[in-house]
Structure formats: C-alpha cells, structure tokens
C-alpha cells in the first residue's frame, strides 16, 4: 500500500498493491497495522457504511462535532466519484482549503479524511457504490455541515451545478464561516 500525503495535514490518498492475473485481481484493501504505520497515527474503525447513487448526486459536505467527530477511510467499489475533504479546524494553517481526488472501482484508490474535516462526494459515473469506515459511531445531534458551493472555499466539482442532484438538507447547509465549530 502506498500512502500519498496531501496539502492538508493528516489527509492521505492510499493506493493499494493490486495483483492481476488471468483470473482477475487480488488486493488487501485494509490492514490496521499497515494503515496506522502509513498515516502515522492510531485510528480504530468501529462502523462501516455504504451508499449507492446515480450520476450527478452530491452528498456533503458533512462532519460530526466534539466527542462524536469522525475520521473516515473512503473508497468506491463500483463507479467513479470526485471525493472532497475541507479543512474546518479553526487553528489550522490550511483552514478552509480543500483536497479532491477521483476514486473509482477501477483505480482502487482510497482517501483518509481525519477528524476536523468536512467531507463530501459527487458521482461522476452512471452509478457508484461508495464505501467508508468511520472511527466513531454516528450521532445525529452532533451533525454539522458546510454548503458544497461555498464561494470562499471554491471547490471545483468539475460538473455543472444545475445538473447536480442535491438533497434539500445539503442545499441549506451554512457557509463555512457560519458552520458549527468542530471542537
């Protein structure tokens, strides 16, 4: 497994070793020891989630606050998405900046998003099956969000806004400057 640091401290793109032969492929998608060594910290995942969406569906930008904050290890089992993490740590030198990466069933890349980041993704293929691990349990009362089109963040989704399929909840998220503080 190759761990690629990003401009956002703590976020990593993971590229697994894929062994191909005439039967198909094999890869180790997660190994706790390799993962912790690769990111340089101890993270213990407690919950797995999966979603299925069609082209143009945008989910995010979401996070959880306080003691219920979550780190996520995300990947795509089928299809292709643009995955985005936004640094919402108030004291961070990269506060308000984002990192994006294309994840697909074909490239097998994963993206580690630590606590203190808002997260979202946009489906680029006809459909996509999105899978992620969380290091803390979901807690509805601790939900937070940032508007996916916040002009101060300036995420380049590479997709026409008028063609995006966004939930009413996500359309009503606040700008980062008005969002619930993470800590």
Are any of the residues in region 47-59 part of a strand (DSSP E or B), under 16 Å from the mean Cα position of the chain (by Cα), at pLDDT 95 or above and closer than 18 Å to residue 14 by Cα?
yes
Does any residue of region 115-134 turn out to be over 23 Å from residue 164 (Cβ atoms) and either touching a helix residue (DSSP H, G or I) at 6+ places or on another chain (Cβ under 7 Å) or surrounded by fewer than 17 Cβ atoms within 10 Å (Cβ to Cβ) (or both)?
no
Enumeration of residues in region 156-179 that are within 17 Å of the chain's Cα centre (by Cα), under 19 Å from residue 125 (Cα atoms) and in contact (Cβ under 8 Å) with a residue 60 or more places away in the chain:
157, 158, 166
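In region 160-178, which residue that is assigned to a loop (DSSP other than H, G, I, E, B) and in contact with a strand residue (DSSP E or B) (Cβ under 6 Å, 6 or more places away or on another chain) is surrounded by the most Cβ atoms within 10 Å (Cβ to Cβ)?
173
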Residue that is farthest from the chain's Cα centre (by Cα) [pool: residues in region 99-112 that are more than 10 Å from residue 6 (Cβ to Cβ) and not in a loop (DSSP other than H, G, I, E, B)]
104
Every residue from region 135-154 that is within 28 Å of residue 1 (Cα to Cα) and crowded, with 20+ Cβ neighbours inside 10 Å
none
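The values are calculated or read from the model by the stated rules, or taken from the named source; none is laboratory data. This is a predicted model, so every value here is computed, not measured. Here Cβ is always computed from backbone atoms with ideal geometry, including for glycine, and neighbour counts include all displayed protein chains.
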